[in-house]
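Following this message is one structure expressed as structure tokens.
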Amino acid sequence: MKKGRKHQQGTGARVNGNGNAQQHGEHESWKKLKLVEIHQALNCDPVDIETLRRAAVSEGGLLTDEIRRKVWPKLLSVNVYNLPAKPTKDIRENHKDFNQVLLDVRRSMKRFPRGMRVDERQVLQEQLIDIILVVLQNNPALHYYQGYHDIVVTFLLVVGERMAIAMVETLSNHHLRDFMDPTMDSTKHILNYLMPILEQVDPQLHEFMLRAEVGTIFALSWLITWYGHVLSEFRHVLRLYDFFLASHPLMAIYFAAVIVLHREKEVKQTECDMAMVHQLLSKIPQDLPYEELITQAHCLFTRYPPSLLAKRAALQSRNSITINCFKAFQAATQQQRPDSVLRRQLLQGRARGLGGPDSQLVLSRDTQPNQAANQLVKMAVWGISATLGAAALAVAQTALDWAPDFFMQLF
């Protein structure tokens, strides 16, 4: 797959109109192949989580928000048919973090899509406040930090309120756990991995930054918001979330390292002064080659894993809850049932009266397929089944359940 993509890029400058059409066709074929691989992985029993991780890391990531709504929950072992209830308004009463969360959310307007109606944004901001407060209330050991809302809003915009609660709660107890201690000590510990990575790859750059005494604080907002606060294009944020959700919790610091390495010439040409170097590095260019950097970060993690870097004296003094829990978390993701099975189990439980009054086959509004598109796809399914019989109907129905847009591309 990668060879095909490189070939496209290498010949793009020399082809005529017909060549461009061919290039577009090759891209669409590559995209459809990836969609099929994801679809098959989601419908394996147990779910083929390794294929989903590779899809999220590899070029293009998970491609669309519809696919993210299917894959992101699997990457975090979230059952979309067992979501928490919508928060009630009493969640805000006497909550110790309410005022700070309210202030941060009110200042977060740039995180919402350009052109969104004010009333729509206000509804989402209210949901964002409630999601944060309910996760904190359910997990007293977690402590709010400024920047947390930048992560939560990304999930809200993609998966909707109820699924966001489930996903953010899991993420907060694993990938983000060190950031949610009562002090910044654990966060500083994660930041301390940055300089050893640079030393391994570019000793001269590492030595320059030591002489400048710039430290690592320039990367703090990158790390604790998973870059959501510092990138202006939401599509780039989503691409990184695909990558981070499928990777080790420290991957965000490896990505910080490759950004610094990518800007190596700029850094070395800057006056060797703390203020000057900090000012340069704290502003991320918006035209970064994200796919290239993701590949580099993935390679650096393989070559210089945290276990190797942790032998450094600066990294030996503190245990990381995030790192220590990751293996168990990763193992748990290997035993997930596909959504078709989870849905059937839910329906069987309801038929036996075991589901309870709140156990309904309902996803959040954002996860429901467009009704008009769904009806069109159903018509296609009926036509195919009449022509080809039950086997085709079974395949088509599975595609319909998984992703109507995906199904429409195949037929």
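Show the residue pairs that are 6+ apart or on different chains and have beta-carbon atoms under 9 Å apart, the first residue being within segment 31-47 and at positive phi and touching a residue at least 40 places away in the same chain (Cβ under 8 Å), the second being open to solvent by less than 10 Å² (accessible area, probe 1.4 Å) and part of a helix (DSSP H, G or I).
So the pair list comes out empty.
Is it the case that segment 305-315 has a residue that's out of contact with any His (no Cβ under 7 Å at 6 or more places or on another chain), within 27 Å of residue 157 (Cβ to Cβ) and crowded, with 18+ Cβ neighbours inside 10 Å?
Looking through segment 305-315, none of the residues is out of contact with any His (no Cβ under 7 Å at 6 or more places or on another chain), within 27 Å of residue 157 (Cβ to Cβ) and crowded, with 18+ Cβ neighbours inside 10 Å.
Conditions tested, residue by residue: (1) closer than 23 Å to residue 235 by Cα; (2) open to solvent by 50 Å² or more (accessible area, probe 1.4 Å).
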site: 83; (1), (2): no, no
site: 94; (1), (2): no, yes
site: 106; (1), (2): yes, yes
site: 113; (1), (2): yes, yes
site: 121; (1), (2): yes, no
site: 155; (1), (2): yes, no
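Which condition does residue 207 not pass, out of (1) within 24 Å of residue 76 (Cβ to Cβ); (2) without any contact (Cβ under 8 Å) to a residue 24 or more places away in the chain, if it passes all the others?
Condition not satisfied by residue 207: (1).
Further question: Give 108, 77, 58 a once-over and let me know the one that is of a type in the set (S, T, N, Q), within 25 Å of residue 179 (Cα to Cα) and under 17 Å from the mean Cα position of the chain (by Cα).
Result of the check over 108, 77, 58: 77.
Which is open to solvent by less than 40 Å² (accessible area, probe 1.4 Å), more than 27 Å from residue 114 (Cα to Cα) and not β-branched (Val, Ile, Thr), of 231, 210, 223, 198?
198
Just checking, does segment 328-349 include any residue being open to solvent by 30 Å² or more (accessible area, probe 1.4 Å), outside any loop (DSSP other than H, G, I, E, B) and at pLDDT 95 or above?
The initial filter retains those residues of segment 328-349 that are open to solvent by 30 Å² or more (accessible area, probe 1.4 Å), namely 328, 330-332, 334-335, 337, 340, 343-345, 347-348.
From the residues that got through so far, the ones that are outside any loop (DSSP other than H, G, I, E, B) too are 328, 330-332, 334-335, 340, 343-345, 347-348.
Still in the list and also at pLDDT 95 or above: none.
No, segment 328-349 contains no residue that is open to solvent by 30 Å² or more (accessible area, probe 1.4 Å), outside any loop (DSSP other than H, G, I, E, B) and at pLDDT 95 or above.
Could I ask something else about it? Answer with yes or no whether residue 250 is under 26 Å from residue 113 (Cβ atoms), open to solvent by less than 20 Å² (accessible area, probe 1.4 Å), touching a residue at least 40 places away in the same chain (Cβ under 8 Å) and not hydroxyl-bearing (Ser, Thr, Tyr).
For residue 250, the condition - under 26 Å from residue 113 (Cβ atoms), open to solvent by less than 20 Å² (accessible area, probe 1.4 Å), touching a residue at least 40 places away in the same chain (Cβ under 8 Å) and not hydroxyl-bearing (Ser, Thr, Tyr) - is not met.
Just wondering, is there one or more residues in segment 234-254 that are among the β-branched types (Val, Ile, Thr), under 22 Å from residue 308 (Cα atoms) and modelled with pLDDT of 95 or more?
yes
Looking at segment 1-23, which of its residues are part of a helix (DSSP H, G or I), under 16 Å from residue 59 (Cβ atoms) and modelled with pLDDT under 70?
2, 3, 4, 5, 6, 7, 8, 9, 10
Shifting gears a bit: Could you check segment 131-142 and list, in sequence order, the residues that are assigned to a helix (DSSP H, G or I) and surrounded by fewer than 20 Cβ atoms within 10 Å (Cβ to Cβ)?
Residues satisfying the conditions are 137, 138.
Among the residues that make up segment 177-192, is at least one of them farther than 18 Å from residue 310 by Cα, open to solvent by less than 60 Å² (accessible area, probe 1.4 Å) and not in a helix (DSSP H, G or I)?
Checked segment 177-192: at least one residue is farther than 18 Å from residue 310 by Cα, open to solvent by less than 60 Å² (accessible area, probe 1.4 Å) and not in a helix (DSSP H, G or I).
Now a separate question. Residues in segment 162-171 that are touching a helix residue (DSSP H, G or I) at 6+ places or on another chain (Cβ under 7 Å) and surrounded by fewer than 23 Cβ atoms within 10 Å (Cβ to Cβ): how many?
Qualifying residue count for the region: 1.
The values are calculated or read from the model by the stated rules, or taken from the named source; none is laboratory data. Small disclaimer: the values here were computed from a predicted structure and weren't measured. Here the Cβ is made from the backbone with ideal geometry for all residues, glycine too, and neighbour counts use every protein chain on show. Protein only, heavy atoms only, side chains kept; ligands, DNA and RNA dropped before computing areas. Shrake-Rupley method; radii C 1.70, N 1.55, O 1.52, S 1.80 Å.
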